[in-house]
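Before any comments, here is the structure.
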């Protein structure tokens, strides 16, 4: 799994085009402030590992990053451009749903961008060392 986390003063999206046929239609966007935007690529190799272990590793990384940036808001964004390897849609969605639930149970505001869409993004991100963190989990 590859993760690029960006601390954002503001992060917003609007659906541009649907990429998966069997995904629900989404026509609205969202806006967030003072948040962590986590661009996540779940890889094929992740599927050979226990889902709960992958979810725990991801959540621990996101919580650490949020603490370092003094925020409780985390946005999960499926970003299949950090690696050539891709996990299945079902595995990726399950991982995202479990991670979101665990974050929420831990007192974080956690949301997901619409899965299966290319999105128009607007990101305002300050330039300091922990505002951008890349990890291979």
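Rule-based calculations on the coordinates, nothing more; no lab input. Please read these numbers as outputs of a predicted model, since none were measured by experiment. Positions of Cβ are generated from backbone atoms using ideal geometry, with glycine treated the same way; all protein chains shown enter the neighbour counts.
Tell me yes or no: at least one residue of region 14-31 is surrounded by 19 or more Cβ atoms within 10 Å (Cβ to Cβ) and either under 17 Å from the mean Cα position of the chain (by Cα) or within 19 Å of residue 99 (Cα to Cα) (or both). Among the residues of region 14-31, not one is surrounded by 19 or more Cβ atoms within 10 Å (Cβ to Cβ) and either under 17 Å from the mean Cα position of the chain (by Cα) or within 19 Å of residue 99 (Cα to Cα) (or both), which makes the answer no. Taking the listed residues 36, 75, the one that is buried (at least 19 other Cβ atoms within 10 Å of the Cβ) and free of Cβ contacts under 8 Å to residues at least 40 places away in the same chain is 36, with no other qualifying. The set of residues in region 98-110 that are surrounded by fewer than 16 Cβ atoms within 10 Å (Cβ to Cβ) and not in a helix (DSSP H, G or I) comprises 106, 107, 109. Residue 134 meets the conditions (1) touching a residue at least 60 places away in the same chain (Cβ under 8 Å); (2) surrounded by fewer than 19 Cβ atoms within 10 Å (Cβ to Cβ); (3) touching a helix residue (DSSP H, G or I) at 6+ places or on another chain (Cβ under 6 Å) in every case but one. The failed one is (3). Could you list, in sequence order, the residues of region 113-131 that are surrounded by fewer than 17 Cβ atoms within 10 Å (Cβ to Cβ) and touching a helix residue (DSSP H, G or I) at 6+ places or on another chain (Cβ under 7 Å)? Across region 113-131, the qualifying residues are 125, 130.
Taken together, the criteria exclude residue 127 from residues that are at positive phi and out of contact with any strand residue (DSSP E or B) (no Cβ under 9 Å at 6 or more places or on another chain).
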